Every structure is written in C-alpha cells, then in structure tokens.
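These notes are about the structure you will find just below.
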Amino acid sequence: MYVSQINTQDILEVARIGKSTLPISYSSYHLLELLGDTSYVILKLVDNNISANKIVGFVVLKEYSKNEETIQNSELEFNYSNTHIHIMSIAIVSEYQGKKYGTYLMKYIKHNFPRPNYSLYVQTTNKNALNFYIKHGFKIKKYVKNYYTNLKDKDAYYCATI
C-alpha cells in the first residue's frame, strides 16, 4: 500500500470514485484545474495487494499559508495565525470502507504534511464520517446552517484539530 500524488492519468478514476462515494464530488475538469494549483494537493491511496495500481481512495487538501490568514464562508470567519491544511474531500471506495484505508490516509497526511491545524466541513447527517474524524482528533467547532446549498441535507459541522 502506498500514497502518492495523482497525475493526469488518474483523473478519470479519482472522479469516478468521488462520484460513487461522496455527496459532492469533483469533475474530471475540476480535478485537472486543481492539479495546476500549487495550493492544492491531491493524493491517491493505492493497494497493490488487490491489483496493480488499484486506487482505493483519495484526498484533496488545500494548504493555507500565513499570508492567507482568513477563510470566509457565509456568516463564518475563521482566522489562522499559522499554516494549516483544510481537507476538501476524502473518499474511500465503498467496498474498502471500514478496513482501515481511511486511517492509513489520515496518518499519512498528518505525518507528511505536519501542521498545527487540520480542518474540514462534514454534513451533520454523515455520522460515519463525523465519527471517523473525531477518532482522528477533530473536534466540532461550529454548526453551519445551509453550508451545502446543492444538497438535501444542507447543514454542516466545521471541524478542526485545534
């Protein structure tokens, strides 16, 4: 098993995994755009024990630096005095969920992208994801009404490690 940055050859598979596992997913076009933006990192989780180069999950990270101290979303404003990582999206293929792949990916992120804080948004109705994040040191910081404008379940929790 290993984690590495995706390349253009991985985009269609990553988009397919996102579409099949997430309520909101990136299109192939959007993933290609993110690959060209140095503030984003897109990682794939590969398990060669299943088959050669089998992508079983991915994560999209946004790196915020000291010169990007404020994140704004609707009525919320969060200030950061240090660099931090925001997890934009994380997905594991459905048949591999609950088998420690997500934990492997989360440990990889924290080890290879050490920051004082990690943050994310999660739907309030997604109890499995929320429990996963809490298990990995995230705390609910804010309740955000109508964060997801295009979903039936619109409300989110803003979670962070500090």
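Derivation of every value follows stated rules applied to the coordinates shown; laboratory data play no part. This is a predicted model, so every value here is computed, not measured. Cβ coordinates were reconstructed from backbone atoms using ideal geometry, including for glycine residues, and neighbour counts include every protein chain displayed.
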(request) Classify segment 2-116 as rounded, prolate or oblate from the Cα gyration tensor: take a ≥ b ≥ c as the square roots of its eigenvalues, call it rounded if a/c is under 1.5, otherwise prolate when a/b beats b/c and oblate if not. (result) prolate
(message) Only counting other Cβ atoms within 10 Å, I'd like Phe58, Phe113, Phe132 sorted with the fewest neighbours first.
(response) Phe113, Phe132, Phe58
(request) Could you work out which residue, out of Ser65, Ser89, Ser25, moves most in a Gaussian network model of the chain, that is, has the largest mean-square fluctuation with Cα springs under 10 Å? (result) Ser65
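Can you tell me what share of the DSSP beta bridges in the chain is antiparallel? A percent to the nearest 5 is fine. If you can, show how the numbers build up before the last one.
Working: 33 of 36 bridges.
Given both bridge residues lie in the chain, the antiparallel proportion sits at roughly 90 percent.
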(request) May I ask you to order 28-37, 97-106 by the average number of other C-beta atoms within 10 Å around their residues, highest value first? (result) 97-106, 28-37
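Over 18 Å between Cα atoms: which of Lys110/Lys145; Lys110/Lys139; Lys100/Lys135; Lys19/Lys142; Lys99/Lys135 fall into that group? Please report the intermediate quantities before stating the final value.
Values: Lys110/Lys145 29 Å; Lys110/Lys139 16 Å; Lys100/Lys135 12 Å; Lys19/Lys142 27 Å; Lys99/Lys135 15 Å.
Over 18 Å Cα-Cα: Lys110/Lys145; Lys19/Lys142.
Considering only the other residues whose Cβ falls under 12 Å of the Cβ of Tyr96, what net charge follows from Lys and Arg at +1 and Asp and Glu at -1?
Working: positive: Lys54, Lys99, Lys100; negative: Asp47, Glu95.
Net charge in that neighbourhood comes out at +1.
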(message) Shape verdict for segment 92-162, please, from the Cα gyration tensor: rounded (a/c under 1.5), prolate (a/b greater than b/c) or oblate.
(response) oblate
(request) Show that you can apply the helix-only estimate: for the chain, add -39,500 (n - 2.57) for every DSSP H stretch of four or more residues, divide by all residues, and state [θ] at 222 nm to the nearest 500. (result) -7000 deg cm²/dmol
